[in-house]
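Q: This is the structure I want to talk about, given as structure tokens.
The values are calculated or read from the model by the stated rules, or taken from the named source; none is laboratory data. As the structure is a prediction and not an experimental result, all values here were calculated from the model. All Cβ positions, even for glycine, are placed from backbone atoms using ideal geometry, and neighbour counts span all protein chains on display. Keep in mind that these areas ignore ligands, DNA and RNA; they rest on the heavy atoms of the full protein, side chains included. Shrake-Rupley method; radii C 1.70, N 1.55, O 1.52, S 1.80 Å.
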Amino acid sequence: MATEEQKPGELSLTFFCKTGPQKLSFPATLTGEELKDQLREPFGLAPDTLLALSFQNGSRNSVKKVLEEKQSLTEQGVEDGASVTVKVDAMEVRPENSFLRESIRNNGRNSYYYAHANEKELPPELRYVYGGDPIKLGSNEEGYVLKAPAPKALTHYSWADEGDFVCIYVSAEGEPEAVEAAKDGDVKVQFEPRSAELRISKDSKEYALSLRQLEGEIVPDESKHRVSAGKRVTLKMKKKRTVTWTRLQQSK
């Protein structure tokens, strides 16, 4: 990286260009336009080369701002040690004129980028966190990060159409560990109009049965489950329409 000695009243700036980074010093009173004029020679560019400049104070992950041509570096808040991106043969694209903003203006709520419509720049005090070394969460004595194991999928179950209800049976013959855990463990069932999920957990073990795209709609509020200790766990799903189910789930 090329460097230049800094003089009083100057800002030491790091410039990033396609020809490589350079660290140069310029008076803080220079305007953006004057800075462009003085950059062309050290970067070996023709006098009429179009340049677009943007700067970032502090971290390279901080907010990037367009460098205005008519204001001085000081007026624009450029700090000593700032990073300046130099785009050659390019026009300035301001945030308000970006493709993202244009899409939002033209398409409103139908824009793919609408979630960014009301974005605001974070104030400086919220961009950085100070106060010591990071704290490691969820680690054991050896220092390894502990990850919760994925639940074991329950694959051995049966089902039956019983008129107004469709029943799912997880029996001790097919899933002995899960049925044993259900006796005094935590059993949670979530019913949705077209799905049902069973989760059984005890100590550090967890078992799960997830049924998506059910053959027909069910009524969640009228569906329930029952634990027959040591024998089975039953999901009793109330049909929305009393029609015979010839299969449990729709083909994917």
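Q: Right, LYS87: assigned to a strand (DSSP E or B) and modelled with pLDDT of 85 or more or not?
A: yes
Q: Hey, among the residues in segment 39-65 that are among the hydrophobic types (A, V, I, L, M, F, W, C) and surrounded by fewer than 16 Cβ atoms within 10 Å (Cβ to Cβ), which one's farthest from CYS17 (Cα to Cα)? Give the derivation first.
A: Just the residues of segment 39-65 that are among the hydrophobic types (A, V, I, L, M, F, W, C), to begin with: 39, 43, 45-46, 50-53, 55, 63.
When the remaining residues are screened for being surrounded by fewer than 16 Cβ atoms within 10 Å (Cβ to Cβ), the result is 46, 50, 63.
Numbers: ALA46: 15, LEU50: 13, VAL63: 18 Å.
Taking the candidates together, the pick is VAL63.
Q: Let me ask something else. Check segment 191-210 and report whether any residue there is under 24 Å from LYS238 (Cα atoms), at pLDDT below 95 and over 30 Å from the mean Cα position of the chain (by Cα).
A: No, segment 191-210 has no match at all.
Q: Go through segment 209-234 and report how many residues are among the aliphatic types (A, V, I, L, M) and either under 11 Å from ASP164 (Cβ atoms) or touching a Cys at 6+ places or on another chain (Cβ under 7 Å) (or both).
A: 2
Q: I would also like to ask the following. Which condition breaks for GLU222 when tested against (1) within 35 Å of the chain's Cα centre (by Cα); (2) surrounded by fewer than 17 Cβ atoms within 10 Å (Cβ to Cβ); (3) free of Cβ contacts under 8 Å to residues at least 40 places away in the same chain?
A: The single condition GLU222 does not satisfy is (1).
Q: If I ask for residues that are touching a residue at least 40 places away in the same chain (Cβ under 8 Å) and within 12 Å of LYS224 (Cα to Cα), which ones from segment 188-198 would you list? If you could, list the steps in order and put the result at the bottom.
A: Step one: of segment 188-198, the residues touching a residue at least 40 places away in the same chain (Cβ under 8 Å) are 189, 191, 193, 196, 198.
Within segment 188-198, VAL189, PHE191, ALA196, LEU198 meet the criteria.
Q: Moving on to the next point. When you go through (1) modelled with pLDDT under 90; (2) open to solvent by less than 30 Å² (accessible area, probe 1.4 Å); (3) assigned to a loop (DSSP other than H, G, I, E, B) one by one for VAL78, which number turns out not to apply?
A: If we test VAL78 against (1) modelled with pLDDT under 90; (2) open to solvent by less than 30 Å² (accessible area, probe 1.4 Å); (3) assigned to a loop (DSSP other than H, G, I, E, B), just (1) comes out false.
Q: Taking segment 146-174 as the search range and keeping residues that are in contact with a Phe, Trp or Tyr (Cβ under 7 Å, 6 or more places away or on another chain), part of a loop (DSSP other than H, G, I, E, B) and under 26 Å from GLY216 (Cβ atoms), which one is most open to solvent (accessible area, probe 1.4 Å)?
A: Per the stated criteria, the residue is TYR157.
Q: Now for a different question. Any idea which residue in segment 15-38 is least open to solvent (accessible area, probe 1.4 Å), counting only those that are of a type in the set (Ser, Thr, Tyr) and at pLDDT 90 or above?
A: Kept after step one, since they are of a type in the set (Ser, Thr, Tyr), are these residues of segment 15-38: 19, 25, 29, 31.
When the remaining residues are screened for being at pLDDT 90 or above, the result is 25, 29, 31.
Details: SER25: 5, THR29: 109, THR31: 29 Å².
Among residues in segment 15-38 that are of a type in the set (Ser, Thr, Tyr) and at pLDDT 90 or above, the one least open to solvent (accessible area, probe 1.4 Å) is SER25.
Q: Among the residues of segment 50-72 satisfying the criterion of being at pLDDT 85 or above and not in a strand (DSSP E or B), which is nearest to the chain's Cα centre (by Cα)?
A: Among them, the one singled out is ASN57.
Q: List every residue pair whose Cβ atoms sit under 9 Å apart, with the two residues 6 or more apart in sequence or on different chains, where the first one lies in segment 66-95 and is β-branched (Val, Ile, Thr) and the second, anywhere, is open to solvent by 30 Å² or more (accessible area, probe 1.4 Å) and at pLDDT 90 or above.
A: These pairs meet every condition: THR74/THR29.
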